[in-house]
Amino acid sequence: MLTLMILALSAVSIICAFYGARLMVWTIALFGTIVLFVGALSTPGLLVSLCLLALVAVPLNYRPWRSRYLSVPLLRQYQSMIPTMSETEHTALAAGTVGWEGELFAGKPDWKKLLDIPFLELSVEEQAFLDGPVEELCDMLNQWEVTHRDADLNPQTWEFLKKNKFFGMIIPKSYGGLGFSALAHRAVLQKISSVCPVAGSHVAVPNSLGPGELLVHCGTEEQKAYYLPRLARGEEIPCFGLTGPTAGSDATSIPDYGIVCKGDFKGKSVVGIKLSFDKRYITLAPVATLIGLAFRLYDPDGLLGARKDLGISLALVPRNTPGLVIGTRHLPLNVPFQNGPLRGKDVFVPLDALIGGVESAGHGWRMLVELLSVGRAISLPSCATGGLKMAAFAVGAYARIRKQFNVPIGRFEGIEAPLARIAANAYSGSALSRMTATAVDLGEKPAVPSAIAKYHTTEKGREVIIDAMDIHGGKGIILGPRNYLGRAWQGMPIWITVEGANILTRSMMIFGQGAIRCHPYLLREMEAVGIADPVKRIDLFDKLLFAHIGYSIRNAVRSLVLGMSFGKFAAVPRDRRTAKYYQKLSRYSASLALVSEAAMLMLGGKLKQKEHLSARLGDVLSQLYICSAMLKRYEAIDRPAADQAILAWAFHDSIYKIQLALQQVLDNFPNRAMRVLLHVLVFPFGRRERMPGDRLTHKVAQLLLAPSDTRDRLTHGIYKSARTGHPVGLMEEALPQVIAAEPLERKLLKALKSGEIEGITWDQQLEAAVARGILSAPEAEIMIRVRALVMEIIAVDEFHSEDIRLGQQLDSRLGQQHAA
């Protein structure tokens, strides 16, 4: 009977831990369980059991004892464990908000919260802009002319962008802008980037982190009233100078500085700032008329107060300011968006050039980190999504049209694998960028999701362009007007690098910020440690500490139970097709919370330097978020049955990556005993996740090879028109005709193989087929027309040598500059 009671107590404890019961509830449940055995146990046995439980439970539930004997000693130890954080790190952590990623990190996601997130749509005005000016702009864009002949947008395109307020999408209507939502902003960038990334970057930058956004949120009323209407109309072209030769990702160490002093401005002696700076990689700098500048502000003469080092500050510098050196260009991998350096020595501007006025001096870092997450959540993820969708659209058509051994290359299993990857990456990347933009529209400042979106959409873009080039072969590597992949291949490292290099984003930002920001207790515990009043400090720390301990026990038990039951005990939406997906995510959410907790407990402040572990834990959080975004999208569009194969492929690919990342964390965990324990709790039956199988790969690949509702949904929002001769639009226009002609081709081949007809050339064979009645004259006309279309689609460009030598002239000029 004693054994039975112990088993009952264990079961009650597991249930309480699994559901995260409060300590008092847990205690009452255990006492109640013992009471149930009153008639079955001897009196001494019962008393011993109750005394043992009371010996543990009473001190834990009586807070004065618990605080004195447990919390105070643990507080001292905790203070030695927590990582030291600079003021800039504190600012970064305080700047963003926590959304769905917090549910995933906490180990017990409430799926109702995910499904209750509104699935926003464009307004009538925003859709009209997308169908009107954006479509017209895409008609005007010729990527070959932009990237090879002009190395820029032509004057007509620049004027069109200004006239239609493409640079004022984020500026409120009250200041003359379009006042668009983040979702509309995403849709515009996605469509433009699907046809011309250079144009996409030129539209993205004025609507991302820069003078426009900084003025909207931080500017003085005078600054807003003067600059925002001019920016909206395109009278001012903005850029923002942050990166320099010695300060890139470590933006807080910028050597550029400003000295508060007196100087002449417009004939008057005023207090202002003398700026010295050296910036590079600044998009739109060569054509910018209004430069936002980040620098460290010093006040050696105390003109603004007692502080000498005021900190990072932001200012607006007009292009015509004396001493500003601007106009030369970088050439980023033959994707010639306007990008170049900014330099200046003792450039004097008045104090009212500070964004936000004098009161904002020294608050530049806070302003940047508060707004950077918003810009990062939209600009690059949207542009990358346009590229992902265009690749899926184009490669699917090409793989059906291009034939080898008289079979469309998309039918070969070697081609099916990259086709499936392209489809899944387009599906997951689109869901990810949409969910992150939605968070912005709902008022969040999604610091962690924006890092996830930036990293993973651009990494998916890199994987997709590699697969697309492999499928196209020679067609993809010969540059020219017919080539729609080459510049994307060349330019992919650009998107990987800008707005936070992907190596840094993965290894330091996603989990580095997520671990503290998303953890339900850690940040509050760190804040409690800093409370000056010792009574209040220990009181708050005690509450948080024991809630934290309960949280850790809950996640350990949930990880084990959900691992052993394959997620069956998780509370999930009960849809037959997707319940198992939610169960897997619930299981691995608990595992992430458990392993993260163990890493922070064992490594403390050293976890910041363990970038291998941090990156892999970030991978787990990222894939959980991506899967959530896919499921949210799938549910919101009424669960189309035809999309299930792509969802399944993308989901199982992500889950396999989660398993791999967790396994690598555990295999390299620095404490051997903890490593063994975590293996048991996370993988009680070993690693059982598998990559998507061949049958599913075949099913997904075939969805790209013919027009369908699924293919339309997958590539929704990109430029598809053939009006102006865009090669992908022409290929899509030809695709139904090629498919319709395939039965005729099979008849011709069958007759040729059986010896019914003969002929050396294709024309001779077709003529013989008509003569023998195998094909009718109208059918032959169809085949002739389709063959002409196919030959144009698979054709590549060729040039006279003097046309190619244009690039050598540029090299010659550069050599002269370097010699000088």
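Applying the selection to segment 522-535, what residues are crowded, with 18+ Cβ neighbours inside 10 Å and not hydrophobic (A, V, I, L, M, F, W, C)? Passing the criteria: only Glu525. Candidates in segment 701-750 are the residues that are over 27 Å from Ala650 (Cβ atoms) and of a type in the set (Asp, Glu); of these, the one that is surrounded by the fewest Cβ atoms within 10 Å (Cβ to Cβ) is Glu742. Could you tell me whether any residue of segment 262-276 is of a type in the set (Asp, Glu), open to solvent by 50 Å² or more (accessible area, probe 1.4 Å), farther than 13 Å from Ser313 by Cα and in contact (Cβ under 8 Å) with a residue 24 or more places away in the chain? Yes, segment 262-276 contains a residue that is of a type in the set (Asp, Glu), open to solvent by 50 Å² or more (accessible area, probe 1.4 Å), farther than 13 Å from Ser313 by Cα and in contact (Cβ under 8 Å) with a residue 24 or more places away in the chain.
When the residues of segment 158-193 are filtered to those that are under 14 Å from Glu125 (Cα atoms) and without any contact (Cβ under 8 Å) to a residue 12 or more places away in the chain, the one that is surrounded by the most Cβ atoms within 10 Å (Cβ to Cβ) is Gly179. Is one or more of the residues making up segment 452-470 open to solvent by 10 Å² or more (accessible area, probe 1.4 Å) and not in a helix (DSSP H, G or I)? No. Does Leu290 meet the test of being open to solvent by less than 10 Å² (accessible area, probe 1.4 Å), at pLDDT 95 or above, among the aliphatic types (A, V, I, L, M) and in contact with a helix residue (DSSP H, G or I) (Cβ under 7 Å, 6 or more places away or on another chain)? It is true that Leu290 is open to solvent by less than 10 Å² (accessible area, probe 1.4 Å), at pLDDT 95 or above, among the aliphatic types (A, V, I, L, M) and in contact with a helix residue (DSSP H, G or I) (Cβ under 7 Å, 6 or more places away or on another chain). The residues listed here are Lys657, Lys699, Lys720; of these, the one that is more than 23 Å from Met435 (Cβ to Cβ), touching an Asp or Glu at 6+ places or on another chain (Cβ under 7 Å) and either in a loop (DSSP other than H, G, I, E, B) or not acidic (Asp, Glu) (or both) is Lys720.
Taken as a whole, the structure leaves Val676 outside the set of residues that are open to solvent by less than 20 Å² (accessible area, probe 1.4 Å) and closer than 27 Å to Gly604 by Cα. Could you list, in sequence order, the residues of segment 562-586 that are within 15 Å of Lys632 (Cα to Cα) and part of a loop (DSSP other than H, G, I, E, B)? Across segment 562-586, the qualifying residues are Val572, Pro573, Arg574, Asp575, Arg577, Thr578. Scanning segment 525-557 for residues that are acidic (Asp, Glu), more than 23 Å from Met24 (Cα to Cα) and touching a residue at least 60 places away in the same chain (Cβ under 8 Å) gives no hits.
For segment 638-651, the set of residues classified as open to solvent by 50 Å² or more (accessible area, probe 1.4 Å) and under 19 Å from Ile117 (Cβ atoms) consists of Asp638, Arg639, listed by residue number.
Would you point out the residue of segment 242-290, among those that are touching a Cys at 6+ places or on another chain (Cβ under 7 Å) and part of a loop (DSSP other than H, G, I, E, B), that is nearest to Asn207 (Cα to Cα)? Filtering first and then ranking leaves Leu284. One residue alone among Ile503, Ile538 is under 21 Å from Ser373 (Cβ atoms) and either of a type outside the set (Ser, Thr, Tyr) or surrounded by fewer than 17 Cβ atoms within 10 Å (Cβ to Cβ) (or both), and that residue is Ile503.
Put simply, of Glu159, Glu135, Glu126 the only residue that is acidic (Asp, Glu) and over 26 Å from the mean Cα position of the chain (by Cα) is Glu159.
Residue count for segment 719-750 under the criterion of being closer than 22 Å to Ser776 by Cβ and either among the acidic types (Asp, Glu) or touching a strand residue (DSSP E or B) at 6+ places or on another chain (Cβ under 9 Å) (or both): the result is 3. Note on segment 484-499: residues that are assigned to a loop (DSSP other than H, G, I, E, B) and open to solvent by less than 20 Å² (accessible area, probe 1.4 Å) amount to 1. Per this entry, Arg296 is not counted among residues that are part of a loop (DSSP other than H, G, I, E, B) and charged (D, E, K, R).
Here is a yes/no grid of residues against (1) free of Cβ contacts under 8 Å to residues at least 60 places away in the same chain; (2) among the hydroxyl-bearing types (Ser, Thr, Tyr); (3) in contact with a Gly (Cβ under 8 Å, 6 or more places away or on another chain):
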site: Glu359; (1), (2), (3): yes, no, no
site: Gly362; (1), (2), (3): no, no, yes
site: Thr385; (1), (2), (3): no, yes, yes
site: Gly396; (1), (2), (3): no, no, yes
site: Arg400; (1), (2), (3): no, no, yes
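The condition (being surrounded by 16 or more Cβ atoms within 10 Å (Cβ to Cβ), at pLDDT 85 or above and more than 27 Å from Ile15 (Cα to Cα)) is satisfied by just one residue among Leu75, Leu30: Leu75. Evaluation of Ala384 against the conditions (1) over 26 Å from the mean Cα position of the chain (by Cα); (2) crowded, with 20+ Cβ neighbours inside 10 Å shows that the sole unmet condition is (1). When Gln143 is tested against the conditions (1) over 28 Å from the mean Cα position of the chain (by Cα); (2) under 30 Å from Tyr427 (Cβ atoms); (3) not hydroxyl-bearing (Ser, Thr, Tyr), the lone failure is (1).
Only one of the numbered conditions (1) assigned to a helix (DSSP H, G or I); (2) in contact (Cβ under 8 Å) with a residue 60 or more places away in the chain; (3) open to solvent by 40 Å² or more (accessible area, probe 1.4 Å) is not met by Ala225, and that is (2). The single condition from (1) loosely packed, with under 15 Cβ neighbours inside 10 Å; (2) more than 26 Å from the chain's Cα centre (by Cα); (3) over 17 Å from Ala423 (Cα atoms) that Gly693 fails is (3). For segment 771-781, the set of residues classified as hydrophobic (A, V, I, L, M, F, W, C), crowded, with 16+ Cβ neighbours inside 10 Å and assigned to a helix (DSSP H, G or I) consists of Ala780 only. Before we move on, is Leu560 touching a residue at least 60 places away in the same chain (Cβ under 8 Å), under 14 Å from Gly107 (Cβ atoms) and open to solvent by 30 Å² or more (accessible area, probe 1.4 Å)? Yes, satisfied.
Yes/no matrix, rows are residues, columns are (1) hydrophobic (A, V, I, L, M, F, W, C); (2) in contact with a strand residue (DSSP E or B) (Cβ under 8 Å, 6 or more places away or on another chain); (3) under 25 Å from Leu114 (Cβ atoms):
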| site | (1), (2), (3) |
| --- | --- |
| Thr436 | no, no, yes |
| Val448 | yes, no, yes |
| His456 | no, no, yes |
| Gly461 | no, no, no |
| Gly474 | no, no, no |
| Pro481 | no, no, no |
| Trp495 | yes, no, no |
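Does any residue of segment 610-618 turn out to be closer than 20 Å to Gly563 by Cβ, assigned to a helix (DSSP H, G or I), open to solvent by less than 60 Å² (accessible area, probe 1.4 Å) and not small (Gly, Ala, Ser)? Looking for residues that are closer than 20 Å to Gly563 by Cβ, assigned to a helix (DSSP H, G or I), open to solvent by less than 60 Å² (accessible area, probe 1.4 Å) and not small (Gly, Ala, Ser), one finds at least one in segment 610-618, hence yes.
The values are calculated or read from the model by the stated rules, or taken from the named source; none is laboratory data. Note that this is a predicted model, so its numbers are computed, not measured. Positions of Cβ are backbone-derived with ideal geometry, glycine not excepted, and every protein chain shown enters the neighbour counts. We work out accessible area using only protein heavy atoms, side chains counted, and drop any ligands, DNA or RNA first. Shrake-Rupley method; radii C 1.70, N 1.55, O 1.52, S 1.80 Å.
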